[in-house]
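So the structure is just underneath, and the comments pick up after that.
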Amino acid sequence: MTQHVLVIGGGQNAEHGISLKTAAAVCEALRSGGFEVSAVTIGRDGIWADGQGPLGSSAADSLVAALPLLEQADVVFPAVHGPCGEDGTLAALCALIQKPVVGSGLRAGAIGMDRWATKLVAEAIGIRTVPGRLVRATDVGHIDFGADVVVKPVTSGSGYGATVARNAVQLDEALLIASRYDDQILVEHVVHGREIDVAVLREADGSRWASPPLEIRASGLFDTAAKHDGTARFTVPARLDSTDRARLTQAALALFDTLGCAGVARMDFFLTDNGPVLNEVNTMPGMTVESRVPRMFAAAGVPHEELVARLVGAASMPTAVPLVDGLSEA
């Protein structure tokens, strides 16, 4: 029997347009693979829409109207990057209606989206992270400046709001830019090293494995412009010796497991003279043919269409929390 997959794209954040590209690529891959596919889009205003137009006049009304579409699908594929999507929001919705969902659940999505929380988890299991501090938007104008730093919102993705600051004036400007995306901001040291990504895929049988590493070559900060204007260059597999490759793979798998990720996640590292340093985690990475994760798995012999099909095949039913023995329902 043909599986029916509902793909959700868009979202209420700066990555809306990027999410639309991911959703379109996922839909195309699924249709080519013989799946029955439906698609809905969440507008920047929170209103859900299908191919015929908005499903309601408000975010709440449209969500109510979209629920039957989620119910009719066998699997939901939330291709929404960033807050109100990748952060576990849509996974939680699927958990509430007991619908199998592609990718990580609420807990892994929420922690992975929070760069500061991810740092704490990584350091707790012995993975080095970029040195930095957490500040609030209200601290703008009151942060001591020591050396060159990278300033970025805690929860924004795709490089939005990330800026390098080399003096006190630039720092204040960078903090103001980051505060447009989140009221919590990371101020991190500039790390000198090779930028290496590793993706981890969990298969339908529960096994997980890491892709060949990918190296990013960009002039300066790998920010939003560099990610999407074609100036960055990618090498996959990255040219690494066996020791560095093993360290990166081990760190990626350990973080994937500790966060409780499912589906696919991308771990971004700096490879320094002292080994890997974690930059961040992405639990719903870009999934166009040219995106980094599909490139990595293609290098391992898994083409885009097959990768998307494997993600659907590994979709899990959200687990309900059981009642504690000895306690009755209210």
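Please treat every number below as a calculation from the coordinates, not as lab data. These figures come from a predicted structure and were not determined experimentally. Note that we place each Cβ from the backbone using ideal geometry, even for glycine, and neighbour counts take in every protein chain shown.
Please order His189, His16 by the number of other Cβ within 10 Å, starting at the fewest. All intermediate terms of the calculation are to be shown ahead of the outcome.
Working: His189 14, His16 19.
Ordered by Cβ neighbours within 10 Å, fewest first: His189, His16.
Which shape class applies to segment 1-89: rounded if a/c is under 1.5, otherwise prolate when a/b exceeds b/c and oblate if not, where a ≥ b ≥ c are the square roots of the Cα gyration tensor eigenvalues? Don't skip to the end; give the middle numbers.
Details: a/c = 1.88, a/b = 1.28, b/c = 1.47.
In terms of gyration-tensor shape, oblate.
I'd like the orientation of helix 59-72 relative to the chain: the angle between its Cα long axis and the longest Cα principal axis, in ° from 0 to 90, rounded to 10.
60
Please build a GNM for the chain, connecting alpha carbons under 10 Å apart, and tell me which residue among Gly88, Gly51, Gly275 fluctuates the most.
Maximum among the listed residues: Gly51.
Please say if the chain is rounded, prolate or oblate, where rounded means a/c under 1.5 for a ≥ b ≥ c the square roots of the C-alpha gyration tensor eigenvalues, and otherwise the choice is prolate for a/b larger than b/c and oblate otherwise? Could the numbers behind the result be given before it?
Details: a/c = 1.57, a/b = 1.33, b/c = 1.17.
Prolate, because a/c is 1.5 or more and a/b exceeds b/c.
Given the peptides 233-242, 60-69, arrange them by the average over their residues of other C-beta atoms within 10 Å, most packed first.
Working: 233-242: 13.7, 60-69: 15.6.
Result, highest mean first: 60-69, 233-242.
Report relative contact order for segment 132-189 in percent, whole number only (criteria: Cα-Cα under 8 Å, sequence separation at least 6).
Values: 117 pairs, mean separation 28.2, N = 58.
Relative contact order of segment 132-189: 49 percent.
Note down the relative contact order for the chain as a percent, whole number, built from C-alpha pairs under 8 angstrom at least six residues apart. Don't skip to the answer; put the middle values down first.
Values: 714 pairs, mean separation 61.7, N = 330.
Worked out over the chain, it gives 19 percent.
Using 7 Å Cα-to-Cβ label points, what is the Glu173/Ala218 separation (nm, one decimal)?
1.9
Given axes a ≥ b ≥ c from the Cα gyration tensor, I'd like to know whether segment 132-189 is rounded (a/c under 1.5), prolate (a/b larger than b/c) or oblate.
Details: a/c = 1.61, a/b = 1.33, b/c = 1.21.
Since a/c reaches 1.5 and a/b is larger than b/c, the shape of segment 132-189 is classed as prolate.
List Trp48, Trp116, Trp209 from most exposed to least, where exposure is judged by having the fewest other Cβ atoms within 10 Å. Don't skip to the end; give the middle numbers.
Values: Trp48 22, Trp116 16, Trp209 13.
By the 10 Å Cβ count, ascending, the order reads Trp209, Trp116, Trp48.
What is segment 48-106's relative contact order, in percent, from Cα pairs under 8 angstrom and six or more apart in sequence? Please report the intermediate quantities before stating the final value.
Details: 63 pairs, mean separation 14.9, N = 59.
This gives 25 percent for segment 48-106.
Rounded to the nearest 500 deg cm²/dmol, what is the calculated helix-only ellipticity per residue at 222 nm for the chain, with -39500 (n - 2.57) per DSSP H run of length n ≥ 4? Before the final figure, lay out each step's value.
Working: 10 runs with 110 residues, N = 330.
Roughly -10000 deg cm²/dmol at 222 nm, from the helical runs in the chain.
Can you sort Met284, Met113 from fewest to most other Cβ atoms within 10 Å of each residue's own Cβ?
Numbers: Met284 32, Met113 27.
Exposure proxy ranking, most exposed first: Met113, Met284.
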